[in-house]
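Accompanying notes for the structure given below.
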Amino acid sequence: MSELKDRYFKTIAPQLKETLGIKTIELIPKLIKVTINIGAGDAHSNKQMLESLHLDMSKISGAKAVSTISKKAISAFKVREGNIVGLKTTLRGDRMYDFIDKLISITIPRIRDFRGMSNKSFDGMGNYSIGFKEHTIFVEIPYETNSKPHGIQVVINTSTKNDQHSKLLLELLGFPFKKDE
């Protein structure tokens, strides 16, 4: 069992139950899944870059990435219907907790001029989205080997539909939110 998962069940869940005044265990906010996305708009013309991104995504997440396909053509971006436009992977269970632990303790502290996570990145349904300008902030990706850094998005889905409950869960897990926003 993951250390973060163990801490959630032993200390965080009881604390959430007491703080939020929840009567049943099923209603305590918990993590459902983490989705990781990398946009690779020009990957359809560069197969070597696509293979490199697949390898990088596997290193970052510990799971195999799936290619995302464009649903319609956009001439301004030179994208045709059916082209590969990115990669995604979904993490659940122990892999999810291990990824969140790595994100909190290793990746976020590596961000230059970091002043805290935005409080505005909740979607109104209890989910939180984090965007990184470069996927090279993850320790598994050596900066020297990549020709072009790509943006990466991490979406954390929770069981609650309330943003305040979700934020409290993420704070207790260790996410460093901005104090004044």
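The values are calculated or read from the model by the stated rules, or taken from the named source; none is laboratory data. Worth saying up front: this structure is predicted, and the values here are computed from it rather than measured. Virtual Cβ from ideal backbone geometry, glycine too; neighbours counted across all protein chains shown.
Just to verify a result, which residue in segment 159-181, among those that are surrounded by fewer than 18 Cβ atoms within 10 Å (Cβ to Cβ) and of a type in the set (A, V, I, L, M, F, W, C), is modelled with the highest pLDDT?
Selected residue: Leu172.
Asp113: within 21 Å of Phe177 (Cα to Cα) and in contact with an Asp or Glu (Cβ under 7 Å, 6 or more places away or on another chain), yes or no?
Judged against the criteria, Asp113 is not a match.
Report whether or not Val34 is out of contact with any Asp or Glu (no Cβ under 6 Å at 6 or more places or on another chain), at pLDDT 90 or above and part of a strand (DSSP E or B).
yes
Given the criteria within 25 Å of Leu27 (Cα to Cα), in a loop (DSSP other than H, G, I, E, B), basic (Lys, Arg) and touching a residue at least 40 places away in the same chain (Cβ under 8 Å), does Lys120 qualify?
Answer is yes for this residue.
Within segment 61-112, can you find the residues that are farther than 19 Å from Leu173 by Cβ, of a type in the set (A, V, I, L, M, F, W, C) and either buried (at least 17 other Cβ atoms within 10 Å of the Cβ) or touching a residue at least 12 places away in the same chain (Cβ under 8 Å) (or both)?
If the condition is that a residue be farther than 19 Å from Leu173 by Cβ, of a type in the set (A, V, I, L, M, F, W, C) and either buried (at least 17 other Cβ atoms within 10 Å of the Cβ) or touching a residue at least 12 places away in the same chain (Cβ under 8 Å) (or both), then Ala63, Ala65, Val66, Ile69, Phe77, Val79, Ile84, Val85, Leu87 are the ones that fit.
With the checklist (1) modelled with pLDDT under 90; (2) in contact with a helix residue (DSSP H, G or I) (Cβ under 7 Å, 6 or more places away or on another chain); (3) surrounded by fewer than 19 Cβ atoms within 10 Å (Cβ to Cβ); (4) assigned to a helix (DSSP H, G or I) in hand, flag the one item Glu144 doesn't pass.
(2)
Would a scan of segment 37-56 turn up a residue that is of a type in the set (S, T, N, Q), surrounded by fewer than 16 Cβ atoms within 10 Å (Cβ to Cβ), under 21 Å from the mean Cα position of the chain (by Cα) and within 23 Å of Phe132 (Cβ to Cβ)?
No, segment 37-56 contains no residue that is of a type in the set (S, T, N, Q), surrounded by fewer than 16 Cβ atoms within 10 Å (Cβ to Cβ), under 21 Å from the mean Cα position of the chain (by Cα) and within 23 Å of Phe132 (Cβ to Cβ).
For segment 90-119, enumerate the residues that are among the basic types (Lys, Arg) and touching a Lys or Arg at 6+ places or on another chain (Cβ under 8 Å).
The answer is Arg92, Arg115.
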